[in-house]
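Written out below as structure tokens is the structure these notes cover.
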């Protein structure tokens with residue numbers, strides 16, 4: 001709450017929460033609206049989202065009475081990519097999967113963030129080994145990136161949801177632990193890592209889309225070039 005309060009007071013409309021409406025994102029939205037109901041909420045419509053995520057957008061709009069800013073990829077970029085490589089290029093190689101994420105997620109977000117001074121995400125260190133070293137405050141390309149829940153445990157998340165009766169993405173009930181694009185997410189099996197349902201056909205590699213980390217595991221800077 002302290003980090004969000006500082007960011008909202010310091011940056012106003014130049015601060016926003018970027019979320020896909022998973023458990024962590026819902027905690028951030030709930031906290032931010034308690035501080036200032038005008039806090040901006042941004043989400044990426046990649047063109048391949050599950051219907052349940054659109055359901056969450058409407059749920060959030062109705063519950064909190066806020067606008068959700070929906071950011072879409074450049075239509076020309078998507079058309080060229082799909083025409084040249086096919087609609088399911090991400091299944092062909094890890095390199096093409098990263099390209100698909102770049103076109104549908106990373107570039108649109110970077111364009112949007114040009115008008116922001118700071119943004120917040122729901123990253124937690126306990127989500128995966130790749131995220132273990134994240135800080136609560138980071139600097140990316142001259143902008144402040146906040147991960148207010150970095151040191152929260154899964155139990156902390158569940159307790160906040162219980163106390164405040166937060167809306168829950170419907171796919172959690174179907175066994176999903178991490179939710180992204182429809183063809184790139186699945187329910188996990190007992191004993192699997194929480195990120196195992198993302199790009200499960202890939203052997204090894206980073207289970208990341210590229211918004212937060214580059215393929216080599218280093219933190220993505222907003223001025224990074226692919």
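The values are calculated or read from the model by the stated rules, or taken from the named source; none is laboratory data. Predicted model only: the values in this text are computed from it and were never measured. Positions of Cβ are generated from backbone atoms using ideal geometry, with glycine treated the same way; all protein chains shown enter the neighbour counts.
Looking at 59, 46, which is the one that is assigned to a loop (DSSP other than H, G, I, E, B), in contact (Cβ under 8 Å) with a residue 12 or more places away in the chain and under 30 Å from residue 87 (Cβ atoms)?
Details: 59 fails: assigned to a loop (DSSP other than H, G, I, E, B).
That would be 46, the only listed residue that is assigned to a loop (DSSP other than H, G, I, E, B), in contact (Cβ under 8 Å) with a residue 12 or more places away in the chain and under 30 Å from residue 87 (Cβ atoms).
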Point to revise | Residue ID - nearest to residue 183 (Cα to Cα), chosen from residues in the range 98-132 that are modelled with pLDDT of 95 or more, touching a helix residue (DSSP H, G or I) at 6+ places or on another chain (Cβ under 6 Å) and part of a helix (DSSP H, G or I) | key: 100
Check your understanding: Is the range 149-163 home to any residue that is at positive phi and either in contact with a helix residue (DSSP H, G or I) (Cβ under 7 Å, 6 or more places away or on another chain) or surrounded by fewer than 17 Cβ atoms within 10 Å (Cβ to Cβ) (or both)?
Key -> no
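For residue 32, state whether it is more than 16 Å from the chain's Cα centre (by Cα), surrounded by 13 or more Cβ atoms within 10 Å (Cβ to Cβ) and at negative phi. So that I can check it myself, show each step before the final result.
Details: more than 16 Å from the chain's Cα centre (by Cα): yes; surrounded by 13 or more Cβ atoms within 10 Å (Cβ to Cβ): yes; at negative phi: yes.
Yes; evaluated as a whole, the condition is true for this residue.
Evaluate the following for residue 70: is it touching a strand residue (DSSP E or B) at 6+ places or on another chain (Cβ under 8 Å), surrounded by fewer than 19 Cβ atoms within 10 Å (Cβ to Cβ) and outside any helix (DSSP H, G or I)? Spell out how you get there, then give the answer.
Working: touching a strand residue (DSSP E or B) at 6+ places or on another chain (Cβ under 8 Å): yes; surrounded by fewer than 19 Cβ atoms within 10 Å (Cβ to Cβ): yes; outside any helix (DSSP H, G or I): yes.
Considered against the rule, which asks whether it is touching a strand residue (DSSP E or B) at 6+ places or on another chain (Cβ under 8 Å), surrounded by fewer than 19 Cβ atoms within 10 Å (Cβ to Cβ) and outside any helix (DSSP H, G or I), residue 70 comes out as yes.
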Study note, to complete from the structure: Quick count over the range 190-209, residues being surrounded by 14 or more Cβ atoms within 10 Å (Cβ to Cβ), more than 15 Å from residue 101 (Cα to Cα) and touching a residue at least 40 places away in the same chain (Cβ under 8 Å), is 3
Practice item. Give the range 150-166 a look and list any residue that's modelled with pLDDT of 95 or more and in a loop (DSSP other than H, G, I, E, B), or say none. Key: 165, 166
Revision key, fill the gap. Flagged in the range 42-84 as more than 15 Å from residue 102 (Cα to Cα) and touching a helix residue (DSSP H, G or I) at 6+ places or on another chain (Cβ under 6 Å), in numbering order, are 50, 52, 64, 68
Study note, to complete from the structure: Selection from the range 171-185 of residues over 16 Å from residue 158 (Cβ atoms) and under 13 Å from the mean Cα position of the chain (by Cα) yields 179, 180, 181
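If you check residue 58 against the conditions, is it under 14 Å from residue 21 (Cα atoms) and in contact with a strand residue (DSSP E or B) (Cβ under 9 Å, 6 or more places away or on another chain)? So that I can check it myself, show each step before the final result.
Working: under 14 Å from residue 21 (Cα atoms): yes; in contact with a strand residue (DSSP E or B) (Cβ under 9 Å, 6 or more places away or on another chain): yes.
Criteria met by residue 58.
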Review point. Taking the range 145-176 only, how many residues are in contact with a strand residue (DSSP E or B) (Cβ under 9 Å, 6 or more places away or on another chain) and over 18 Å from residue 1 (Cα atoms)?
Key: 2
Practice item. Can you run down the residue pairs with Cβ atoms below 9 Å, 6 or more apart or on separate chains, where the first is in the range 136-153 and in contact (Cβ under 8 Å) with a residue 40 or more places away in the chain and the partner is in a loop (DSSP other than H, G, I, E, B) and loosely packed, with under 14 Cβ neighbours inside 10 Å? Key: 136/151; 140/223; 141/223; 142/223; 148/1
Exercise for review: Look through 86, 65 and report the one residue that is within 30 Å of residue 155 (Cα to Cα), exposed (fewer than 14 other Cβ atoms within 10 Å of the Cβ) and at pLDDT 95 or above.
Suggested key: 65
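Among residues belonging to the range 164-187 that are without any contact (Cβ under 8 Å) to a residue 40 or more places away in the chain and surrounded by fewer than 17 Cβ atoms within 10 Å (Cβ to Cβ), point out the one that is nearest to residue 59 (Cα to Cα). Steps first, please.
Residues of the range 164-187 that are without any contact (Cβ under 8 Å) to a residue 40 or more places away in the chain, as a first pass: 165, 173-177, 186-187.
With the extra rule that they be surrounded by fewer than 17 Cβ atoms within 10 Å (Cβ to Cβ), the set shrinks to 165, 173-175, 187.
Values: 165: 13, 173: 16, 174: 18, 175: 20, 187: 22 Å.
That would be 165.
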